[in-house]
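Step one of this worksheet: look at the structure below.
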Amino acid sequence: MLWNVVNFVLLIFTTIQAELPEIGAGFTDSLDTTCNEGLVSYNSVQNCSRGIEPVVDGRACSIAEWTVMSDGTEDDGTCSMCETGSCQRCPRWERCPSGSLVFFSREPHLASQSDILVFAINAKFVRKSQPRHRREGQAIVSLCSESSHYYPYISNLREEFPTFGFDLTLGYSRAYFDMHSTFVPHNLMEMLLRPHRERFPTKLACAFISNCHGDTRNIWMSRMMSVMQIDSFGSCNNNKEIPATLQELNRDPRKRIQVKNEIMKDYFFVLAFENSVEYDWVTEKVYDALEIGVVPVYLGAPNWRDYFPSGGVVDASYFDSPEELAGHLVAVAKDPIQYSQLLNWKGKKDAFDGLITGETSYRWNLCRLCDWYHDDFKTRASHNEL
């Protein structure tokens with residue numbers, strides 16, 4: 001039975017190859033693995049049993065992420081190439097809005113064969129860790145999802161890693177990286193227009209902070225807790241446990257966002273404090289709250305107004321002290337009219353006009369890289385050959 005399935009997928013892929021330019025040699029060898037794992041689909045890319053539809057514009061590319069870490073093993077399975085909480089199993093096919101078709105793998109033995117090789121620059125990254133061989137004409141890309149507050153070297157990756165020869169740098173900061181990659185939800189407009197579920201909050205504020213290295217956000221939370229009730233479900237200032245009914249769900253890292261959402265809906269406010277205060281360092285915290293309809297209390301990027309509507313967020317930096325902020329939250333929670341004004345942005349089509357959009361989302365990194373590869377990298381390579 002398995003052999004028949006593999007043959008079926010290979011037959012489909014042969015049909016696709018007749019319409020597509022050649023992608024990285026050797027990636028066809030992973031098709032049987034892909035099918036066995038269950039082909040992950042997006043848009044009109046179908047699963048193994050139904051085949052794969054040809055791309056619209058005849059473009060395809062293969063992308064590999066180099067994942068070898070400091071202990072010589074692969075990482076813990078967290079995909080750097082997709083939006084937090086929505087990571088899909090690899091290898092996989094991805095259909096892009098532009099019509100391109102991407103094949104993505106995180107298997108080290110395929111790194112030298114891909115069109116694009118991505119180095120995920122993070123806390124465990126090994127500077128000397130590179131594939132022994134590289135395909136001629138391969139594009140080399142860096143992806144960074146860490147804050148320069150903790151890793152200052154990311155502000156100039158090309159000087160820090162001169163032997164890598166990065167053709168493109170990808171990350172959160174528009175000042176540091178060539179391509180802007182954000183935590184903005186890829187379905188931002190859908191989220192914007194979706195009606196809020198009716199909520200009847202009974203609790204004041206909650207927090208989910210587990211990085212307790214004495215940074216600004218933990219100091220603020222500690223001082224606020226001396227004035228108001230904050231239920232802390234994270235490791236920092238922990239005073240509340242995950243409800244027993246959600247414990248089993250919480251054991252699955254992929255479902256923890258569901259647990260967080262289920263908890264948040266009972267609260268007026270959630271502390272959306274970033275782990276560092278830095279321009280463009282805007283993570284998923286605020287968007288998680290906005291989607292549920294909880295008012296986020298934000299402490300982080302000074303330019304946060306580039307990302308989400310100011311009318312729906314309480315800006316912690318506006319207040320002279322954590323105690324003053326806490327007093328304000330207590331007062332707003334007691335005033336239904338004032339609190340409802342913080343939810344008025346919902347459903348307004350112009351609420352995010354002029355702001356950073358979901359097109360920059362981590363969810364679209366694969367597609368954006370493939371489009372860059374065809375529209376920019378290959379074009380420049382052809383000009384250099386002339």
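Quick check on my filter: what residues within the range 181-199 are closer than 30 Å to Ile121 by Cβ and either within 12 Å of the chain's Cα centre (by Cα) or in a loop (DSSP other than H, G, I, E, B) (or both)? Even if it seems obvious, please write down each step before you answer.
Residues of the range 181-199 closer than 30 Å to Ile121 by Cβ: 181-188, 191.
Ser181, Thr182, Phe183, Val184, Pro185, His186, Asn187 - these are the residues of the range 181-199 that are closer than 30 Å to Ile121 by Cβ and either within 12 Å of the chain's Cα centre (by Cα) or in a loop (DSSP other than H, G, I, E, B) (or both).
So, in the range 231-272, exactly how many residues are under 13 Å from Leu290 (Cα atoms) and in contact (Cβ under 8 Å) with a residue 60 or more places away in the chain?
6
Got a number for residues in the range 163-187 being closer than 15 Å to Glu146 by Cα and of a type in the set (D, E, K, R)?
Of the residues in the range 163-187, 1 are closer than 15 Å to Glu146 by Cα and of a type in the set (D, E, K, R).
Find the residue count for the range 322-369, including only residues that are under 21 Å from Val295 (Cβ atoms) and assigned to a helix (DSSP H, G or I).
Summing the residues that are under 21 Å from Val295 (Cβ atoms) and assigned to a helix (DSSP H, G or I) in the range 322-369 gives 18.
Looking only at residues that are closer than 30 Å to Glu198 by Cβ, of a type outside the set (A, V, I, L, M) and in contact (Cβ under 8 Å) with a residue 40 or more places away in the chain in the range 352-383, which one is surrounded by the fewest Cβ atoms within 10 Å (Cβ to Cβ)?
Step by step, filter the range 352-383, then rank; the result is Thr357.
What's the number of the condition Gly293 fails, among (1) in contact (Cβ under 8 Å) with a residue 24 or more places away in the chain; (2) out of contact with any strand residue (DSSP E or B) (no Cβ under 7 Å at 6 or more places or on another chain); (3) farther than 17 Å from Phe183 by Cβ; (4) exposed (fewer than 15 other Cβ atoms within 10 Å of the Cβ)?
Tallying (1) in contact (Cβ under 8 Å) with a residue 24 or more places away in the chain; (2) out of contact with any strand residue (DSSP E or B) (no Cβ under 7 Å at 6 or more places or on another chain); (3) farther than 17 Å from Phe183 by Cβ; (4) exposed (fewer than 15 other Cβ atoms within 10 Å of the Cβ), Gly293 fails exactly one: (4).
Does Glu323 fit the bill of being assigned by TED's automatic domain parsing to the domain that holds Asn211, among the charged types (D, E, K, R), in contact (Cβ under 8 Å) with a residue 60 or more places away in the chain and within 22 Å of Thr202 (Cα to Cα)?
yes
Yes or no: the range 243-263 includes at least one residue that is surrounded by fewer than 20 Cβ atoms within 10 Å (Cβ to Cβ), more than 20 Å from Gly358 (Cα to Cα), in contact with a strand residue (DSSP E or B) (Cβ under 8 Å, 6 or more places away or on another chain) and not hydrophobic (A, V, I, L, M, F, W, C). Step through it out loud before you land on a result.
Of the residues in the range 243-263, the ones surrounded by fewer than 20 Cβ atoms within 10 Å (Cβ to Cβ) are 243-258, 261-262.
From what is left, the residues that are more than 20 Å from Gly358 (Cα to Cα) are 243-256, 258, 261-262.
Narrowing further to those that are in contact with a strand residue (DSSP E or B) (Cβ under 8 Å, 6 or more places away or on another chain): none.
No, that holds for no residue.
Within the group Phe308, Phe319, which residue is within 18 Å of Leu271 (Cα to Cα), touching a helix residue (DSSP H, G or I) at 6+ places or on another chain (Cβ under 6 Å) and surrounded by fewer than 21 Cβ atoms within 10 Å (Cβ to Cβ)?
Only one candidate passes the filter, namely Phe319.
In the range 109-144, which residue that is surrounded by fewer than 20 Cβ atoms within 10 Å (Cβ to Cβ) and closer than 21 Å to His180 by Cβ is modelled with the highest pLDDT?
Ile140
Within the range 333-351, which residues are buried (at least 18 other Cβ atoms within 10 Å of the Cβ) and either in contact with a Phe, Trp or Tyr (Cβ under 7 Å, 6 or more places away or on another chain) or not assigned by TED's automatic domain parsing to the domain that holds Phe268 (or both)?
Ala333, Ala351
I need every pair where a residue in the range 196-209 that is of a type in the set (S, T, N, Q) has its Cβ under 8 Å from the Cβ of a residue that is assigned to a loop (DSSP other than H, G, I, E, B), sequence separation at least 6 or different chains.
Partner pairs satisfying both residue conditions: Thr202/Asp266.
Which one of these does Thr169 not meet: (1) of a type in the set (Ser, Thr, Tyr); (2) over 22 Å from the mean Cα position of the chain (by Cα); (3) not in a loop (DSSP other than H, G, I, E, B)?
Status for Thr169: all satisfied but (2).
The values are calculated or read from the model by the stated rules, or taken from the named source; none is laboratory data. No experiment lies behind these values; they were computed from the predicted model shown. When we count neighbours, we look across all protein chains shown, and the Cβ atoms used for this are built from the backbone with ideal geometry, even at glycine.
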